[in-house]
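Following: one structure in structure tokens, then a few remarks.
The values are calculated or read from the model by the stated rules, or taken from the named source; none is laboratory data. Fair warning: this is a prediction, and the values are worked out from it, not measured in the lab. Neighbour counts are summed over all protein chains in view; Cβ atoms, including those assigned to glycine, are modelled from backbone coordinates with ideal geometry.
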């Protein structure tokens with residue numbers, strides 16, 4: 001059954017719809033900034049009303065949601081780089097709703113901004129964006145990680161670019177919205193990656209040989225040794241091979257090491273690893289990159305070949321080298337820098 005929200009927008013005049021949209025956005029902003037997740041239910045109800053009076057309901061899935069997600073992620077980039085700080089660790093829900101309410105207002109109550117010349121949108125973004133953060137700071141929701149003038153300058157530049165781009169995306173057809181959204185996501189992910197790499201330093205390195213024949217060299221990068229095992233922080237583990245080894249041989253050796261460590265192997269672990277482990281040649285690299293959410297990417301010569309999302313599997317896999325009962329204690333000590 002095709003469900004469509006009732007078109008209440010036809011009942012109200014354009015002026016009344018615009019005024020109500022702005023008021024609903026401002027009310028949501030105040031509630032969420034002051035009470036955060038405690039005000040989430042009330043903000044959802046207010047934004048549901050805003051959706052019902054919005055004549056551009058078809059834009060919500062194609063434009064509003066992707067752009068709100070992009071804004072939310074960009075704000076997290078600002079947090080990662082220390083431009084702002086969030087005073088409440090549980091920020092995911094209320095911040096997401098705040099961005100949704102703002103972008104939704106751009107399609108209606110704040111839609112007059114789209115009729116301004118680009119330079120006018122740049123000026124408004126450069127001025128009003130930082131003002132909103134100053135107000136949120138006074139209400140105790142955010143702090144400034146840099147000297148205030150530097151944080152506000154960076155926020156001003158960011159909003160001067162974001163507001164015109166957002167308004168342009170909301171005006172365009174779905175195909176262009178998708179293309180711009182993909183490029184924006186690439187930029188955001190690149191910023192996250194650069195920050196993650198900046199947080200890492202070399203913790204230790206070592207090598208593995210068999211009967212005096214080198215097998216691979218190993219490097220461990222991270223903020224501290226306590227983050228890497230059990231995996232709970234941002235780190236990466238890289239191997240560079242000196243000989244050709246098939247994917248089947250890599251999997252068999254993994255299972256053999258688990259058996260020696262007396263690991264209770266789950267039935268799906270072998271299938272999960274078998275699906276992502278590649279054949280390696282002499283000179284090839286395998287790298288395991290783990291982020292703060294404990295999602296692990298496996299890279300072969302720099303290209304992602306699979307992911308490990310099971311934390312137990314990730315712990316067992318990294319434990320081959322880093323657990324206390326590893327069969328390679330000298331390599332473990334070298335990697336953790338405890339030799």
| task | Name the residue, out of 236, 252, that is modelled with pLDDT of 85 or more and under 20 Å from residue 202 (Cα atoms). | result | 236
| task | Please tell me if residue 160 is over 20 Å from residue 22 (Cα atoms), surrounded by 14 or more Cβ atoms within 10 Å (Cβ to Cβ), assigned by TED's automatic domain parsing to the domain that holds residue 54 and within 24 Å of the chain's Cα centre (by Cα). | result | yes
| said: Take the conditions assigned by TED's automatic domain parsing to the domain that holds residue 72 and either at pLDDT 90 or above or closer than 17 Å to residue 171 by Cα (or both) and apply them to residue 98. Does it pass? | reply: yes
| task | For the stretch 285-318, name all the residues that are loosely packed, with under 14 Cβ neighbours inside 10 Å and in a helix (DSSP H, G or I). | result | 312
| field | Residue check, residue 90 surrounded by fewer than 19 Cβ atoms within 10 Å (Cβ to Cβ), modelled with pLDDT under 90, outside any helix (DSSP H, G or I) and in contact with a strand residue (DSSP E or B) (Cβ under 9 Å, 6 or more places away or on another chain) | value | no
| Does the stretch 137-157 hold any residues that are within 30 Å of residue 49 (Cβ to Cβ) and either at pLDDT 90 or above or not assigned by TED's automatic domain parsing to the domain that holds residue 54 (or both), and which are they? | 155
| Counted residues, the stretch 106-128 - those being modelled with pLDDT of 90 or more and either part of a helix (DSSP H, G or I) or under 21 Å from residue 68 (Cα atoms) (or both) | 11
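Each row is one residue, and each column tells you yes or no for (1) surrounded by fewer than 17 Cβ atoms within 10 Å (Cβ to Cβ); (2) more than 17 Å from residue 30 (Cβ to Cβ).
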{"site": "68", "(1), (2)": "no, yes"}
{"site": "97", "(1), (2)": "no, no"}
{"site": "101", "(1), (2)": "no, no"}
{"site": "121", "(1), (2)": "no, yes"}
{"site": "128", "(1), (2)": "yes, no"}
{"site": "147", "(1), (2)": "yes, yes"}
{"site": "151", "(1), (2)": "no, yes"}
